[in-house]
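Participant: One structure, as structure tokens, below. Some questions next.
Please treat every number below as a calculation from the coordinates, not as lab data. As the structure is a computational prediction, the values presented were derived from the model and not from experiment. A quick note on method: Cβ atoms are made from the backbone with ideal geometry, for glycine too, and the neighbour counts reach across all protein chains shown.
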Amino acid sequence: MRANPGTLVRLFPLPTFSWLSLSFTLILPLLAVASAADNIQVFFSPNGGCTEAVVANLGRATTSVFVQAYSFTSTPIAKALADAKKRGVDVQVILDKSNITGQYSSADFVAHANIPTYIDSKHAIAHNKIMIIDCKTILTGSFNFTKAAETGNAENLLVIKDEAMAKVYTANWQAHLEHSQAYDSGSTRTAKTANPRK
Ligand SMILES: [Zn+2]
């Protein structure tokens, strides 16, 4: 939708230097926004499609899903992770230590889906909310993977499709995995619990 400068100059007779100034001032920022919008989406809660966006992106995963979560109580998102695992996707989850409770927790739910689950106890709070899908798509923002985050809170979720950025996130995820402990639900978990990192 670029207007013909000549036409505009005739309609609004500005000196040439003014037109160029306007071009750089007005058109270039618009192009940058359009470019960013091609590979970045944003969703807002409550009830703004965050959960649906996470589930849809997990449904398209073909090779790997690496997760960092502080809290994890969303049934549809947990199910989408379990479904990906069943399809043969390499799904691995790192959770904050607050998920270790005496009761059945989301860590148990994830672990019972044969998803390798780890607890990162090295920080005051392991507060990241990240999914890295197929090493090319990043889901992140304030949005916890919980029902409350979808229905009750004011949150944001970015879906970023950028392989270079995904590499940076994956490296950071690996660094946290290195000092995380395999979560043992004490039951039927059979997946890659042989991970030596303790
Ligand atoms: Zn860590």
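Participant: Provide the net charge surrounding I77, with neighbours chosen by a C-beta distance below 12 Å and charges set as Lys +1, Arg +1, Asp -1, Glu -1.
Facilitator: Combined, the nearby Lys, Arg, Asp and Glu give 0.
Participant: Within a Cβ distance under 12 Å of G141, other residues only, what is the Lys/Arg minus Asp/Glu net charge? List each step's numbers first, then the result.
Facilitator: Values: positive: K129; negative: E155.
For residues surrounding G141, the net value is 0.
Participant: Going by a ≥ b ≥ c, the root eigenvalues of the Cα gyration tensor, does segment 39-182 fall in the rounded group (a/c under 1.5), the prolate group (a/b larger than b/c) or the oblate group?
Facilitator: rounded
Participant: If you rank D38, D83 by fewest surrounding Cβ atoms within 10 Å, what's the result? Provide the component values of the computation, followed by the final result.
Facilitator: Details: D38 8, D83 16.
By the 10 Å Cβ count, ascending, the order reads D38, D83.
Participant: Among residues other than N172 whose Cβ falls under 14 Å from its Cβ, what is the net charge (Lys/Arg +1, Asp/Glu -1)?
Facilitator: Taking every Cβ under 14 Å from that of N172, the sum is +1.
Participant: While we're here: If you filter segment 43-85 for trypsin sites (Lys or Arg not before Pro), then keep DSSP loop positions with at most 13 other Cβ within 10 Å, what is left?
Facilitator: Loop-located and lightly packed - R60.
Participant: Right, another one. Determine, from the Cβ-Cβ distance of I100 and D38 and an R0 of 30 Å, the FRET efficiency 1/(1 + (r/R0)^6), rounded to the nearest 0.05.
Facilitator: For R0 = 30 Å, the calculated efficiency reads 0.15.
Participant: OK, next. Out of residues 5 or more away from V91 or on other chains, whose amide H comes under 5 Å of its own, with H placed 1.01 Å from N in the peptide plane?
Facilitator: V65
Participant: Now a separate question. Express in nm, to one decimal, how much length is gained between H123 and A171 on full extension, taking 0.36 nm for each residue of separation and deducting their alpha carbon distance. Display every interim value, and only then the final one.
Facilitator: Values: separation 48, 0.36 × 48 = 17.28 nm, distance 1.76 nm.
Working it through step by step, the gained length comes to 15.5 nm.
Participant: May I ask you to list the chymotrypsin sites (Phe, Trp or Tyr not before Pro) in segment 90-186 that are in a DSSP loop and have at most 12 other Cβ atoms within 10 Å of their Cβ?
Facilitator: Y104
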